[in-house]
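Structure, as structure tokens:
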Amino acid sequence: MSHPLRIAVADDEPDVLEFYQVVLPEMGHELVCTARDGRELVKRCRQARPDLVIVDVKMPHLDGIEAVRELSADEPLPAIIISGYHDLATLRRAETEYILAYLVKPIREADLEAAICIAMRRYEQFQALRQEADSLRQALEDRKIIAHVTRTIMAEERLDEALAFERLKQRAAERGQTLAETARALAACRAAG
């Protein structure tokens, strides 16, 4: 890892929690909270705001997968699931949300360290893809509103498309705005009046 992480862990087995309390700081990470069940994990994570969650699947009150789902509903939070089981149903449930690694107990320090590195790298890639998708979505919306307003200018001022587009560009330059900002303002003005 290039930088230390703030990590939250949850397991209903005291010896596993003790393992994390020893091993994670040795790896250079900060253990920001521990929990013995899923409800407690959700509550503590909302206060501590960790970079990563390591959680056991089978816990009282709320299992680890449900806890990750609840935490990720607020904002994306990468998670590593730990389980004593590797049945198909549990694996299928773990494929969802922000679960980026799955380890089977007993956990070895080397396996945990590798899972943390891979999970965080995958999370960074996921976040980059989300940002790219958001940018592309915004660019598409911008193009749609610019095209709509250009067509409106064409109809109102009886111009061809190139001249209508130039008119829109000129208005944007006069206002010190982007084309999309000007197009949105003109569309809102026309819709209101």
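Each value in this text was obtained by applying a stated rule to the coordinates, not by laboratory testing. All values reported here derive from a predicted model rather than from experimental measurement.
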* How high is the relative contact order of the chain, in percent, counting Cα pairs under 8 Å that sit 6 or more residues apart? -> 13 percent
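Per residue of the chain, what 222 nm ellipticity follows from adding -39500 (n - 2.57) for every DSSP H run with n ≥ 4, rounded to the nearest 500?
On the way: 7 runs with 120 residues, N = 193.
-21000 deg cm²/dmol, from helical runs alone.
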* Asked: In whole Å and largest first, what semi-axes does the C-alpha gyration tensor of the chain yield when each eigenvalue is scaled by 5 and square-rooted?
  -> 52, 16, 15
* Structure fact -> Helix 179-192 sits off the longest principal axis of the Cα atoms of the chain, rounded to the nearest 10 on a 0 to 90 degree scale, by 70 degrees
* Structure fact -> P(r) of region 84-193 over all Cα-Cα pairs, 5 Å bins starting at 0, rounded to whole percent, reads 2, 10, 13, 13, 10, 6, 6, 6, 6, 7, 7, 7, 5, 2, 0
* Structure fact -> Computed D for region 6-107, Stokes-Einstein, Kirkwood radius over alpha-carbon pairs, 10 °C, 1.306 mPa s, to the nearest µm² per second, is 120 µm²/s
* Asked: Can you give the angle from 0 to 90° between the axis of helix 14-26 and the longest principal axis of the chain, with both taken from C-alpha atoms, to the nearest 10?
  -> 60 degrees
* Please state, to two decimals, what the Cα-based radius of gyration of region 133-192 comes to when divided by 2.2 N^0.38 Å (N = residues). => 1.09
* Taking the Cα atoms of region 50-90, report the difference between the largest and smallest coordinate on each principal axis, in whole Å and largest first. => 28, 18, 16
* **Degrees separating the helix 161-175 axis from the principal Cα axis of the chain, which is the longest one** => 70 degrees
* **Cα-based reach from Lys43 at 23 Å (exclusive), listing lysines while leaving out same-chain residues under 8 positions away** => Lys58
